[in-house]
Amino acid sequence: MTKNNPISRPKAFFLNGGMGRIICAIPALEKYYEESDDKDFIIVVEGIQNILNGHPTLDARTYDYSHKNLFHTKLVKMDVVSLEPYRVWEYYNQKCNIIQAFDILINNKGVRELPKPKINLSKEELMAGEKAINDIKKQIKKDKVIIIQPFGRAIQQIDSSFVDKSNRSMEFKNLKNLIRKFQEKDYAVAIMAEFGIEFKDEKYKDEVAMPEKIDLRQWTAIIKYADQFLGCDSVGQHLSYIVDTPCTVVIGQTYPINTSYPKTKNISIIDMGQLEREYDPIRITVDERVSRQGEKLMWMSKEIEDLVVKVVLGEETIEEEDE
């Protein structure tokens, strides 16, 4: 190729990490489909890729990382692009969110407003989600359901407690207290987690619902029909944003402008780290000092637990400051 006549090859965009990252790449990939001349690009998901099932423009272009003969039939003729939003300057300097960081990587048009990610749920998935919520209400005999996602992807169980080195997850003690407080407010509580959590010693007045073997498409439908969602910096808050379910997010080590949706209707952010937080450059380098410094950011006092409940119930609002 020459400088004035570069060879143009179709791109293969590789996506890895948690499902929240894959969801947040969707708007930028849609823009690439609309704006670029590359009509043969593909998406390769290094993990579960069914979140794009049924998408009108991206589904047919999406491949699993282990797709048979993918290299020889597709990739050998393409430019492979590894997408890492955490390495975008605007992201680690708090100038954009993760959706916009993907757009900068894919489309190179600076920081701009983008639409919500689209997850195209089938009628069957929607009906199953509504039924799951109705079953929880019937079983626990409550009129309202709150779904709580207490833990991020980095959570590890140690004996009877949990540790998250990324400092994004709720403390287990706080979770148990919050469940009791919401039950006192006449909510049925359902836990969104990748594993079962034992609450038998807590002597709650009501059962805590814990749906098992539920994939993220199913969770999207369930969250759509829930009354409230309470989560941390993890995938559930993105699903709530997509389906417009009222959502409260408790954030510690990460910056809301990067990982959530400040000043967005139906989303309230309780920023636990705003006074002491320092950016943790994960996926760029390892900074043990910053990580250790943030270990207590998600610890809630009784007063903060009460604030969380009041914000969820709409009894108190949070004034969000500019980053």
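Restriction of the chymotrypsin sites (Phe, Trp or Tyr not before Pro) in region 155-242 to DSSP coil positions whose beta-carbon has at most 12 other beta-carbons within 10 angstrom yields F195. With a sphere of radius 14 Å drawn around the Cβ of G110, what net charge do the other residues whose Cβ falls strictly inside it have (Lys, Arg +1; Asp, Glu -1)? Here the count lands on 0. Applying both filters, DSSP loop and at most 15 other Cβ atoms within 10 Å, to the GluC sites (Glu not before Pro) of region 138-213 gives E194, E198, E207, E212. Counting only residues at least eight positions apart within a chain, or on another chain, the aspartates and glutamates with an alpha carbon under 18 Å from that of K144 are E130, D135, E184, D186, D206, E207, D227, D244, E315.
In plain terms, the C-alpha convex hull of the chain casts an average shadow of 18.5 nm² when viewed from every direction. When the Cα positions of S122, M272, I179 are compared along the charge dipole of the chain, S122 comes out farthest toward the positive end, with charges on each C-beta of Lys, Arg, Asp and Glu.
Between the helical axis of 302-313 and the dominant principal axis of the chain, each derived from Cα atoms, what acute angle in degrees is found, rounded to the nearest 10? On a 0 to 90 degree scale, this one is about 70. In terms of packing, defined here as the mean over residues of other Cβ atoms within 10 angstrom, the peptides 293-304, 87-98 line up highest first as 87-98, 293-304. For region 202-255, rounded, prolate or oblate, judged on the Cα gyration tensor with a ≥ b ≥ c (square roots of eigenvalues), a/c < 1.5 rounded, else prolate if a/b > b/c? The shape class here is oblate. Distances between every pair of Cα atoms in region 11-107, grouped in 10 Å steps from 0 to the bin holding the largest one, split as 16, 51, 29, 4, 0 percent. Partner lysines whose Cα lies under 19 Å from the Cα of K137, excluding those fewer than 8 positions away in the same chain, are identified as K181, K185, K205, K224.
Using the Cβ of M19 as centre and a radius below 12 Å, the other residues enclosed give a net charge of 0, where K and R count +1 and D and E count -1.
Candidate cross-link partners of K165 among the lysines, defined by an alpha-carbon separation under 23 Å and a same-chain spacing of 8 or more, comprise K173, K176, K296. To the nearest 10 degrees, how steeply does helix 98-107 sit against the main Cα axis of the chain, on a 0 to 90 scale? That works out to roughly 10 degrees.
The trypsin sites (Lys or Arg not before Pro) found in region 198-274 that occupy coil by DSSP, while having at most 16 further C-beta atoms within 10 Å, are K203, K205, K213, K263, K265.
The numbers here are math on the coordinates, done by the rules we state, and not lab data. In this text, all values refer to a predicted model and were calculated from it rather than measured experimentally. No Cβ is skipped: glycine too gets one built from the backbone with ideal geometry, and neighbour counts run over all protein chains shown.
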